[in-house]
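Novice: Right, I'll just put the structure down here and ask away after.
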Amino acid sequence: MSQRFEEAYRRSLEDPAGYWGDLAEAVGWTKRWDRVLDDDNPPFYRWFPGAETNTCWNAVDRHVDAGRGDRRALIWDSPITGGKRVLTFRELKDEVAAFAGVLRNHGVGKGDRVLIYMPAVPEAVVAMLACARLGAIHSVVFGGFAAAEVAKRLDDAGPKALLTATCGVEPGRVIPYLPILEDAYRIAGHTPSSVIVLAREQQDAELKPGRDHDWRDEVARAEPADWTPVAATDPLYILYTSGTTGKPKGVVRDNGGHAVALHWTMKGVYDLDPGDCWWAASDIGWVVGHSYIVYAPLLHGNATVLFEGKPVGTPDAGVFWRVISEHGVKALFTAPTAFRAIKKEDPEGRFIGAYDLSRFETLFLAGERADPDTIKWAERMLGRPVIDHWWQTETGWAMAANCLGLGRFPVKHGSPTKPAPGYRIDILGDDGRPAPTGEIGAICVRLPLPPSGLPTLWNDDEGYVESYMADFPGYYKTGDAGLYDEDGYIYIMSRTDDLINVAGHRLSTGGMEEVLAGHRDVAECAVIGVADPLKGQAPVGFVVLKAGVNRAHDEIAAEVVRMVRDEIGAVASFRKAAVVDRLPKTRSGKILRKTMRQIADGEDFPIPATIDDPAILDEIREALKPLGYGPA
Ligand code: COA
Ligand code: AMP
């Protein structure tokens, strides 16, 4: 048992103000807080009210001021384009200050929103930090989302400026961004007043005079801008994430609590020291990218790798080992999917032996359930600890982890170990009371969430309470279901809602159903997440046609697949749909999605007592067969 962990954990719950107040000393403030935690208005909590700071100053300038300007800060490695760049903290500061000057020239200041739709290039990180420098609020949209999703974020965030590039690059294809954005402006019905476009050599683009501006020309013209103090409670960013409907939730992150918590995690959770090289193989469009490509490592003075590529195929299943060896990565954080992809291509781990991994110490996994097979394979191949940890966009850092900086617990495959400091996690039964050890229930965090936990949803206090607090008063509902074992290890088993996790990407089946329902021939539909050996889960759609429609079913299935790709994006990985005569329902008309998923996954299950007509389950089985699902 780790005594250091136990002590820290206990103190974090018994004396949160003392615990986080002490950790806050590691962050720079221009004005100290009035109190550590404002808990006067539950469930709206505020960390470090009255304090002022600046996240960019802490992540960049402070390292330069402390004489560490020549250390590596950002390492860009792009096997997909052949590009590489290393920026020291000083170089990063100069680039960020220059780009903050650009934003200022475009009238961007404190509290203004800036949408960022960019690939994994250094300028995207510079853009995020430049917003933080001015106290502007960035909202990064993942490049795999289609125009309609960008439009939803434009509508909700109301950005003054949009930052983009001429293209993203995926294996075998270049994705021009400007046409996607034109569609987004059309759907949203408005356009940000300034669009700043980074020209990439893979794609030319015509800029619209008056609205679009060339990134490099703008930088050449701008005077560097200094950082400005903001309230600890001011928003640093909005990150939209999937909810149960097609309307994404705008998770708000503040400046002060976020900086304190994330700074702490680099040592507390990941056991890294300033100067160590760290790599989170994700994308800046996801929370993992926000927290662990950009903010946490830079706040802590680590070198961070920004990777533009895939675990396989860019050029091969050895690329992770090449990057680790070339840049001296000490710890890697990625999603289990990446390892399943590598394992599939290189089951014997031949590529691993070809690289010098002597400086590599730990692999961290999160984003989806880490299946024991994948963990065991990684442990065997790497000969290093493989640490699962569990968290969400809403928290910005791990809710449960083996906090290596506080001493290591024995690893149990299938469990992210124990709740992290600041998180009192209860497994609740339907009656709202803690479930007995070993019994599955709703995983809930006793309020308040520790620093960095979302203070609210953007422009939607009501939605915040409704989504997270209403079902279990006094708790934050994670939406995950799980259990504790007799040693206090937590296991994350499934979702309690309609979210699915595809290749570590959180997606809403409800959102996909809204798209399917928009097809002119569709009367009703259901989308379920079925087990997928590579991506963890994959969405599968069922549509019932309107009376009198007698077009070819294959054609309609192909059309709905295309619609999801066009309206949500390629990232949804929605590739399979079937036309059925009817959907299994309860007598009260509720669609039995869970039963459909159990059929698809080939599980044994009791026929629901409330089912309207059990015969329909055979029809679902038949429909799933040609899609490759169902009992073998
Ligand atoms: N911009 C545009 N399109 C993108 C994109 C981006 N940034 N990212 C993904 N896409 C596209 C892909 O090209 C693919 O398109 P396709 O249907 O035309 O093939 C589609 O979205 C699905 O992408 P993905 O789910 O990533 O599947 P993949 O087959 O391209 O790759 C893996 C599979 C396992 C290699 C990949 O998912 C991966 O690297 N996962 C690592 C996990 C990860 O980074 N998770 C992030 C959260 S921590
Ligand atoms: P996101 O907000 O996109 O980071 O997705 C968060 C969701 O991913 C969680 O609510 C879980 O459902 C899932 N998740 C993340 N990490 C893990 C993990 N280590 N084990 C199981 N599920 C996880």
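Novice: Multiplying the sequence separation of E466 and R587 by 0.36 nm and subtracting their Cα-Cα distance, what value in nm do you get?
Specialist: Working: separation 121, 0.36 × 121 = 43.56 nm, distance 2.76 nm.
Working it through step by step, the gained length comes to 40.8 nm.
Novice: OK, next. Rounded, prolate or oblate: which fits region 553-632 when a ≥ b ≥ c are the square roots of the eigenvalues of the alpha-carbon gyration tensor, with rounded for a/c under 1.5 and prolate only if a/b beats b/c? List each step's numbers first, then the result.
Specialist: Numbers: a/c = 2.01, a/b = 1.73, b/c = 1.16.
Note, shape of region 553-632 comes out prolate.
Novice: With all protein chains present and a 1.4 Å probe, how do E206, E513, E223 order by accessible area, largest first? Walk me through the numbers on the way to the answer.
Specialist: On the way: E206 170, E513 25, E223 130 Å².
In descending accessible area the options line up as E206, E223, E513.
Novice: So what's the net charge close to W76: Lys and Arg +1, Asp and Glu -1, counting the other residues with Cβ under 10 Å from its Cβ? All intermediate terms of the calculation are to be shown ahead of the outcome.
Specialist: Details: positive: K84, R85; negative: D77, E123, E308.
Here the count lands on -1.
Novice: Something else now. Tally up the carbon and sulfur contribution to the accessible surface of region 156-313 as a whole percent, 1.4 Å probe, everything protein left in place. Write out the running numbers ahead of the final one.
Specialist: Numbers: 2550 of 5170 Å².
Result for region 156-313: 49 percent of the exposed heavy-atom area is carbon or sulfur.
Novice: Separate question: Once you have a ≥ b ≥ c as the square roots of the Cα gyration tensor eigenvalues for region 1-66, tell me rounded if a/c is under 1.5, and otherwise prolate or oblate according to whether a/b is larger than b/c.
Specialist: Numbers: a/c = 2.85, a/b = 1.26, b/c = 2.26.
The shape class here is oblate.
Novice: Given 20 °C and 1.002 mPa s, compute D for the chain with the Stokes-Einstein relation, Rh being the Kirkwood radius over Cα pairs; round to the nearest whole µm²/s. Let's see the in-between values first.
Specialist: Numbers: Rh = 25.2 Å.
Answer from the Stokes-Einstein relation: 85 µm²/s.
Novice: Right, another one. From Cα pairs below 8 angstrom and at least 6 apart in sequence, can you work out the relative contact order of the chain, rounded to a whole percent?
Specialist: Values: 1385 pairs, mean separation 76.3, N = 632.
Relative contact order comes out at 12 percent.
Novice: Place a point 7 Å from the Cα of E14 along the Cα-to-Cβ direction; which residues of region 384-423 have their backbone N under 19 Å from it?
Specialist: So the set is 419-423.
Novice: Then there's this: Below 8 Å, C-alpha to C-alpha, sequence gap of six or more: please give me the relative contact order for region 520-562 in percent.
Specialist: Details: 39 pairs, mean separation 15.7, N = 43.
It comes to 36 percent, rounded to a whole number.
Novice: Right, another one. Which percent of Cα pairs goes in each bin when the distances of region 229-331 are cut into 10 angstrom slices starting at zero?
Specialist: Per 10 Å bin, starting at 0, the Cα pair percentages come out as 14, 38, 31, 15, 2.
Novice: Right, another one. Can you sort I284, I180 by solvent-accessible area, 1.4 Å probe, largest first? Don't jump to the answer; show the numbers that get you there.
Specialist: On the way: I284 0, I180 35 Å².
Largest accessible area first, the list is I180, I284.
Novice: Now for a separate question. Taking a ≥ b ≥ c as the square roots of the eigenvalues of the Cα gyration tensor of region 42-146, is the shape rounded (a/c under 1.5), prolate (a/b larger than b/c) or oblate? Don't skip to the answer; put the middle values down first.
Specialist: Working: a/c = 1.72, a/b = 1.21, b/c = 1.42.
Judged from the Cα gyration tensor, region 42-146 comes out oblate (a/c at least 1.5, b/c at or above a/b).
Novice: Within region 438-455, find all residues whose amide N lies under 15 Å from a label point positioned 7 Å from the Cα of K412 along Cα-to-beta-carbon.
Specialist: 438-441
Novice: If each of D316 and D65 carries a label point 7 Å out from its Cα toward its Cβ, how far apart are those two points in nm?
Specialist: Using points 7 Å along Cα→Cβ, the separation is 4.8 nm.
Novice: Here is a follow-up. Quick one: accessible surface of I568, probe radius 1.4 Å, all protein chains present, in square angstrom to the nearest 10.
Specialist: 20
Novice: May I ask you to compute the full-extension gain from D618 to E439, defined as 0.36 nm times their residue separation minus their alpha-carbon distance, rounded to one decimal in nm? Please list the in-between numbers first.
Specialist: On the way: separation 179, 0.36 × 179 = 64.44 nm, distance 3.14 nm.
My answer for the length gained is 61.3 nm.
Novice: Relative contact order, percent, of region 146-284 when contacts are C-alpha pairs under 8 Å separated by at least 6 residues? Please list the in-between numbers first.
Specialist: Values: 149 pairs, mean separation 24.0, N = 139.
Over region 146-284, the number comes to 17 percent.
Novice: Just the accessible area per residue of region 98-226, please: how many Å² with a 1.4 Å probe? Intermediate values should be presented prior to the final figure.
Specialist: Numbers: 4570 Å² over 129 residues.
I get 35 Å² per residue for this part.
Novice: Which ³J(HN,Hα) values in Hz, rounded to whole numbers, follow from the phi angles of region 267-274 under the Karplus curve 6.51 cos²θ - 1.76 cosθ + 1.60, where θ = phi - 60° and Gly and Pro get x?
Specialist: 8, x, 8, 9, 6, 9, 9, x
Novice: To the nearest 10 Å², what's D471's accessible area with a 1.4 Å probe?
Specialist: 90
Novice: If we restrict to alpha carbons, what Rg and Dmax does region 224-288 come to, in Å?
Specialist: Expressed in Å, the Cα Rg and Dmax of region 224-288 come to 15.0, 43.
Novice: Multiply the residue gap between E182 and R424 by 0.36 nm, knock off their C-alpha separation, and tell me the result in nm, one decimal place.
Specialist: Numbers: separation 242, 0.36 × 242 = 87.12 nm, distance 4.57 nm.
Taking E182 through R424 to full extension adds about 82.5 nm, to one decimal.
Novice: Could you tell me how far the Cα centroid of region 474-517 sits from the Cα centroid of region 28-107, in Å?
Specialist: Each part reduced to its Cα centre gives a spacing of 31 Å.
Novice: Same structure again: To the nearest 10 square angstrom, what accessible area does F360 show with a 1.4 Å probe?
Specialist: Rounded to the nearest 10, that gives 10 Å².
Novice: Another question, if that's okay. Ignoring ligands, DNA and RNA, please state the percent of accessible area on region 2-101 from carbon and sulfur, probe 1.4 Å.
Specialist: Details: 1930 of 4470 Å².
Carbon-and-sulfur percentage of accessible area, whole number: 43.
Novice: While we're here: Measuring with a 1.4 Å probe in the full set of protein chains, what accessible area per residue, in whole Å², belongs to region 372-521?
Specialist: Values: 5360 Å² over 150 residues.
Per-residue accessible area for region 372-521 comes out at 36 Å².
Novice: Based solely on its DSSP helices, what 222 nm [θ] is calculated for the chain when runs of n ≥ 4 H residues each add -39,500 (n - 2.57) and the sum is averaged over all residues, nearest 500 deg cm²/dmol?
Specialist: Working: 17 runs with 173 residues, N = 632.
Calculated from helices alone, the mean residue ellipticity at 222 nm is -8000 deg cm²/dmol.
The values are calculated or read from the model by the stated rules, or taken from the named source; none is laboratory data. Quantities reported herein were computed from a predicted structural model and do not represent experimental measurements. Positions of Cβ are generated from backbone atoms using ideal geometry, with glycine treated the same way; all protein chains shown enter the neighbour counts. Quick note on the areas: whole protein, heavy atoms, side chains included, nothing else; ligands and nucleic acids left out. Shrake-Rupley method; radii C 1.70, N 1.55, O 1.52, S 1.80 Å.
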